[in-house]
Amino acid sequence: MGKTGIVFIEPVAKVNSECYCQHVLGGGLLPDIRARCQRYSWTLQQDGAPSHTASRNTLTYLRSEKVTFIEPDMWPPNNPDLNPVEYAVWGAFQQMVYQRRRFTTINQLKKALSGANCRSVSLIAPLVSGVAGLSPSSSSKADTLNI
């Protein structure tokens, strides 16, 4: 199914619940996830960022959009086996972007991030599959994707 694109937020924006729901989820991630997953079911796993937890607005928004998500009180502890994105993918992605480069403008950084995102499929699949105990070629009995 793949991975989502990057959602860029304006540098002056404060990513509170309203911004997260409107721009990150509604304007980027949810349409992208739905287009990629199509007939597959999927579950949204967030982290403990204030825009995910500080307001019931985010949870209400996710419910209104009919998104299956892990409720904050059910989030797993900080465990690399349960959250490969935080522990494996971001570090490797950061190395791809910053290796032997310095950026002087936001647009240069955005271009580098977008390019690395396109090249990162071969990097991400083994990290996520290895942590999740899945092989990239195996198929699951259930059509479920955790994003």
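The values are calculated or read from the model by the stated rules, or taken from the named source; none is laboratory data. These figures come from a predicted structure and were not determined experimentally. Here the Cβ is made from the backbone with ideal geometry for all residues, glycine too, and neighbour counts use every protein chain on show.
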Inset, instruction - Select from the range 1-38 the residues that are over 25 Å from Lys111 (Cβ atoms) and in a loop (DSSP other than H, G, I, E, B) and list them in ascending order. - result: Met1, Asn16, Gln38
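Results for (1) surrounded by 13 or more Cβ atoms within 10 Å (Cβ to Cβ); (2) under 22 Å from Gly115 (Cβ atoms), shown as yes or no for each residue.
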{"site": "Ile6", "(1), (2)": "yes, yes"}
{"site": "Ala13", "(1), (2)": "no, no"}
{"site": "Gln22", "(1), (2)": "no, no"}
{"site": "Gly26", "(1), (2)": "yes, no"}
{"site": "Arg36", "(1), (2)": "yes, yes"}
{"site": "Ser55", "(1), (2)": "yes, no"}
{"site": "Thr58", "(1), (2)": "yes, no"}
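Would you check which residues across the range 57-71 are under 15 Å from Ser17 (Cβ atoms), touching a residue at least 24 places away in the same chain (Cβ under 8 Å) and under 18 Å from the mean Cα position of the chain (by Cα) and list them?
So the first thing to find is which residues in the range 57-71 are under 15 Å from Ser17 (Cβ atoms), and the list is 57-65, 67, 69.
Those still in the list that are touching a residue at least 24 places away in the same chain (Cβ under 8 Å) too: 57-58, 61-62, 65, 67, 69.
Of everything in the range 57-71, those that are under 15 Å from Ser17 (Cβ atoms), touching a residue at least 24 places away in the same chain (Cβ under 8 Å) and under 18 Å from the mean Cα position of the chain (by Cα) turn out to be Thr58, Tyr61, Leu62, Glu65, Val67, Phe69.
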Legend entry - Check on Asn117, modelled with pLDDT of 80 or more, closer than 17 Å to Gly5 by Cα and polar (S, T, N, Q): no
Legend entry - Qualifying residues in the range 95-114 (those that are within 17 Å of Gly5 (Cβ to Cβ) and touching a Leu at 6+ places or on another chain (Cβ under 8 Å)) - the one modelled with the lowest pLDDT: Met96
Inset, instruction - Inspect the range 39-56 for any residue being without any contact (Cβ under 8 Å) to a residue 24 or more places away in the chain, closer than 27 Å to Asn107 by Cα and either part of a helix (DSSP H, G or I) or over 16 Å from the mean Cα position of the chain (by Cα) (or both) and give the result as yes or no. - result: no
